[in-house]
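For reference, the structure discussed in these notes is given below.
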Amino acid sequence: MIVATLTVAGHSVAQDRELAESPDFRVRVQAALRLGRTGASSRADLENGLRDAHPAVRVACAAGLGNIGDPASIPALERAMKGESYATVKTAMKDTVDKLRGSAAVKSGSPSTPTSLAGARYVVQLGAMKNVSGVRADDLDGVMRQAARAKAGTIKGAVIVDGSDPTVMKKAAEKRIPVLQVDGNLTKLTQVVGTDGATVISAKVDMSIRKLPGQTLKGTVSGNASGSNGTRASSQGIVDLQNRVVGGAVESAMGSMGAELASLSK
């Protein structure tokens, strides 16, 4: 059994404003790097930061988007590259675009865009992602899936399939490429208020890894994350913080799984 634990610091609305409003470019750089560690929920902030007045901030925003790993950021990066006057910044943006394109392993599976298994060592199929914590509704299922997809897309040698794809299964069988299905449950989502008034959110995600087609259980992964907004938060602020922490727990679990794919696929 593999158990992964990661604690991530959440960021508040006030901290988000640091990237957009701080007069000190160094503060904005640090804000961009921090947002790049919080997961997919920070993608829009970093895409906006690609238009920052200071080149160092634009580089940091590009790096942050690369860390998040969502190919949906490619159009924003390409637009920013067209208007970029600094060669070093443009290079950083291009490097991030190349990274995201390389990790865009989630394919539609339609005949016009078949999933390529060229160079693949594993196929990772994302199964069910469920919120069983009893907190909020099933809108967190989507947060989990987005975070799992983004993190899985960075696993070297893995092609990621979002849901069942018979065509990919057939190709993998022909090429003798192992297929692993990952199912996740959000089992804990708690909220406490510290003596300083800060709201602290904690989450735990449990994932099972099964080898297909026989559904043989190969292992389990647990990811933990927590975050604080540092201030008294509004209802929307709590929701945003929950999303980030849940995403962090998923990324923790998926990261541990990626490090063990070679043994799990046997």
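The values are calculated or read from the model by the stated rules, or taken from the named source; none is laboratory data. Keep in mind the model is a prediction, meaning the values are calculated, not measured. Note that we place each Cβ from the backbone using ideal geometry, even for glycine, and neighbour counts take in every protein chain shown.
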> Quick one: which of V239, V161, V250, V246 is β-branched (V, I, T) and not in a helix (DSSP H, G or I)?
Replying inline: V161
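Residue-wise test of (1) at pLDDT 85 or above; (2) surrounded by fewer than 19 Cβ atoms within 10 Å (Cβ to Cβ).
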{"site": "A40", "(1), (2)": "no, no"}
{"site": "N48", "(1), (2)": "yes, yes"}
{"site": "P55", "(1), (2)": "yes, yes"}
{"site": "V59", "(1), (2)": "yes, no"}
{"site": "A87", "(1), (2)": "yes, yes"}
{"site": "V97", "(1), (2)": "yes, no"}
>> Need pairs with beta-carbon distance below 8 Å; first residue closer than 23 Å to R149 by Cβ and touching a residue at least 60 places away in the same chain (Cβ under 8 Å) and within the range 70-98, second in a helix (DSSP H, G or I) and of a type in the set (G, A, S); sequence gap 6+ or separate chains.
In response: D70/A40; D70/A150; P71/S103
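In a strand (DSSP E or B), closer than 26 Å to T38 by Cβ and either touching a residue at least 60 places away in the same chain (Cβ under 8 Å) or among the aromatic types (F, W, Y) (or both), is that true of G219? I'd like the intermediate steps shown before the answer.
Working: in a strand (DSSP E or B): yes; closer than 26 Å to T38 by Cβ: no; either touching a residue at least 60 places away in the same chain (Cβ under 8 Å) or among the aromatic types (F, W, Y) (or both): yes.
Here the answer is no, as G219 does not meet what is asked.
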> Does the range 56-92 hold any residues that are touching a helix residue (DSSP H, G or I) at 6+ places or on another chain (Cβ under 6 Å) and of a type in the set (D, E, K, R), and which are they?
Replying inline: R58, D70, E84, K90
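Check whether at least one residue in the range 99-118 is in a helix (DSSP H, G or I), at pLDDT 85 or above and exposed (fewer than 13 other Cβ atoms within 10 Å of the Cβ), and report yes or no.
First pass over the range 99-118, keeping only residues in a helix (DSSP H, G or I): 99-103.
With at pLDDT 85 or above added as a condition, the list becomes none.
No, every residue in the range 99-118 fails to be in a helix (DSSP H, G or I), at pLDDT 85 or above and exposed (fewer than 13 other Cβ atoms within 10 Å of the Cβ).
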> So how many residues does the range 1-38 have that are more than 21 Å from P75 (Cβ to Cβ), crowded, with 22+ Cβ neighbours inside 10 Å and modelled with pLDDT of 75 or more?
Replying inline: 4
> Could you say whether any residue in the range 176-189 is at pLDDT 90 or above, exposed (fewer than 13 other Cβ atoms within 10 Å of the Cβ) and not in a strand (DSSP E or B)?
Replying inline: yes
> Got a number for residues in the range 211-227 being more than 18 Å from the chain's Cα centre (by Cα) and either under 18 Å from V132 (Cβ atoms) or surrounded by 23 or more Cβ atoms within 10 Å (Cβ to Cβ) (or both)?
Replying inline: 1
>> Given the criteria assigned to a strand (DSSP E or B) and surrounded by 23 or more Cβ atoms within 10 Å (Cβ to Cβ), does A203 qualify?
In response: yes
